Amino acid sequence: MNNNRKQSLIFILFVTALSYFIFWGPIAILKLRTANLVEGKIYSLPALILFLIGGFVPSIVGIILTSLYEGRRGLKNLLFSAINTKIGISSLSIILVYVVVLGSTQLILYILFEGFFDFYQFINQLPTILPLIILGPLSEEFGWRGFLQKRINLEFSPISGSIIIGLVWSLWHLPLFFMIGTSQYDFNIPFFSFMISVISSAFVYTYVYIKSNGSLFAAILLHWISTYILQIVTSQVIRTTAYNLMECLPALIIGCVFIVLLKNQGMEKERLYN
């Protein structure tokens, strides 16, 4: 096993073990109530602390392993990539178009099934947009894209690498579906549909990552905006069996489009590291 695959495996094992057995797992098993970000409620401070630390595990592990394997220079490059806003017009356009298309198609799908959506929620939930950049993008992206994507891209094709990252990424979220107070639990989101959506979105992240020359800021921005939009839609959903089955369809279709884009453009992953 070469260094990139070994380092990727070490990252995956550490992130999964810490989240499952130290932080999120105990909360799920003991049925401890944490918090509801949308409603602004805190149910248990100790459980909330474990929950928050568990959410930062990917970034913490990614930063530590980057420092270990790449030294001070690698760590500096990682941190700078997160604040370097120069990602190019094309990358920014892709991010904005993706979010608008995903949010719109998700809304259309829901309205077709239920016929009503409270559009004022886009305003009412604005106070959550700042916490969301911490609780999603910053707590995860130093690991998924900053550490793992960088190594996966060197060993696998963009399509195969996206599937690997998407699968690991979705499975890392699994304890949240058993934790009272999380969106996944409270909104009764089906895990299989969630997993399909996450794996599909991984193709978009890979495309944006390569297009932006490995910019961590681009991944953070994509994660931030898409999480906010999907949170609003998800919080309004009255779930039915039919909707649960179809929920992942917009993300799946968009993911297939990006599979074609990744394949047809024949992106050279080596150019990220020259």
Say we look at the range 184-208 and pick out the residues that are outside any loop (DSSP other than H, G, I, E, B) and over 13 Å from the mean Cα position of the chain (by Cα); which of these is modelled with the lowest pLDDT?
D186
If I filter the range 146-176 down to residues being surrounded by 19 or more Cβ atoms within 10 Å (Cβ to Cβ) and aromatic (F, W, Y), which single residue comes out as nearest to the chain's Cα centre (by Cα)?
W169
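Given the condition among the charged types (D, E, K, R), under 22 Å from V233 (Cα atoms) and either exposed (fewer than 15 other Cβ atoms within 10 Å of the Cβ) or out of contact with any Leu (no Cβ under 8 Å at 6 or more places or on another chain) (or both), answer yes or no: does some residue in the range 109-119 qualify?
Of the range 109-119, the ones among the charged types (D, E, K, R) are 114, 118.
Keeping just the survivors that are under 22 Å from V233 (Cα atoms) gives 114, 118.
Those left that are additionally either exposed (fewer than 15 other Cβ atoms within 10 Å of the Cβ) or out of contact with any Leu (no Cβ under 8 Å at 6 or more places or on another chain) (or both): 114, 118.
So far as the range 109-119 goes, yes, one or more of its residues are among the charged types (D, E, K, R), under 22 Å from V233 (Cα atoms) and either exposed (fewer than 15 other Cβ atoms within 10 Å of the Cβ) or out of contact with any Leu (no Cβ under 8 Å at 6 or more places or on another chain) (or both).
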Among the residues of the range 125-137, are any part of a loop (DSSP other than H, G, I, E, B) and either modelled with pLDDT of 95 or more or more than 14 Å from L221 (Cα to Cα) (or both)?
yes
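Determine, yes or no, whether F51 is within 24 Å of F147 (Cα to Cα), modelled with pLDDT under 95 and surrounded by 18 or more Cβ atoms within 10 Å (Cβ to Cβ).
So F51 fits the description; yes.
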Tell me, yes or no, whether the range 251-259 has at least one residue that is at pLDDT 95 or above, of a type in the set (G, A, S) and outside any helix (DSSP H, G or I).
no
Taking the range 54-84 and keeping residues surrounded by fewer than 18 Cβ atoms within 10 Å (Cβ to Cβ), of a type in the set (S, T, N, Q) and either touching a Ser or Thr at 6+ places or on another chain (Cβ under 8 Å) or closer than 27 Å to I123 by Cβ (or both) leaves N84
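Check whether at least one residue in the range 201-222 is more than 19 Å from I95 (Cβ to Cβ) and of a type outside the set (K, R), and report yes or no. Steps first, answer last, please.
Keep residues of the range 201-222 that are more than 19 Å from I95 (Cβ to Cβ), which gives none.
For the range 201-222, residues more than 19 Å from I95 (Cβ to Cβ) and of a type outside the set (K, R): absent.
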So, first residue over 17 Å from G146 (Cβ atoms) in the range 6-34, second residue among the aromatic types (F, W, Y) and outside any helix (DSSP H, G or I), Cβ within less than 9 Å, six or more apart or across chains; the pairs are L32/Y43; R33/Y43; T34/Y43
Hey, among the residues in the range 154-183 that are of a type in the set (V, I, T) and either in a helix (DSSP H, G or I) or at pLDDT 95 or above (or both), which one's farthest from Q236 (Cα to Cα)?
I159
Quick one: which helices (runs of 4 or more DSSP H) sit completely within the range 1-106 and have at least 1 residues that are hydrophobic (A, V, I, L, M, F, W, C), under 21 Å from N153 (Cβ atoms) and more than 17 Å from the chain's Cα centre (by Cα)?
3-17, 45-83
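Looking at Y228, is it touching a residue at least 12 places away in the same chain (Cβ under 8 Å), in contact with a Leu (Cβ under 6 Å, 6 or more places away or on another chain) and either buried (at least 19 other Cβ atoms within 10 Å of the Cβ) or not basic (K, R) (or both)? Let's see the steps before the verdict.
Details: touching a residue at least 12 places away in the same chain (Cβ under 8 Å): yes; in contact with a Leu (Cβ under 6 Å, 6 or more places away or on another chain): yes; either buried (at least 19 other Cβ atoms within 10 Å of the Cβ) or not basic (K, R) (or both): yes.
Yes.
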Of the residues in the range 146-170, how many are in contact (Cβ under 8 Å) with a residue 40 or more places away in the chain, closer than 14 Å to S201 by Cα and out of contact with any Phe, Trp or Tyr (no Cβ under 6 Å at 6 or more places or on another chain)?
5
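Do we find that I196 is surrounded by fewer than 23 Cβ atoms within 10 Å (Cβ to Cβ), within 17 Å of I159 (Cβ to Cβ) and touching a residue at least 12 places away in the same chain (Cβ under 8 Å) in this structure?
In short, yes.
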Hits in the range 13-34 (condition: of a type in the set (A, V, I, L, M) and either under 12 Å from I53 (Cβ atoms) or buried (at least 18 other Cβ atoms within 10 Å of the Cβ) (or both))
V15, L18, I22, I27, A28, L32
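The values are calculated or read from the model by the stated rules, or taken from the named source; none is laboratory data. Because the structure is predicted, anything quoted here is derived from the model rather than measured. Quick reminder, even Gly has a Cβ in these numbers, built from the backbone with ideal geometry, and neighbours come from all protein chains shown.
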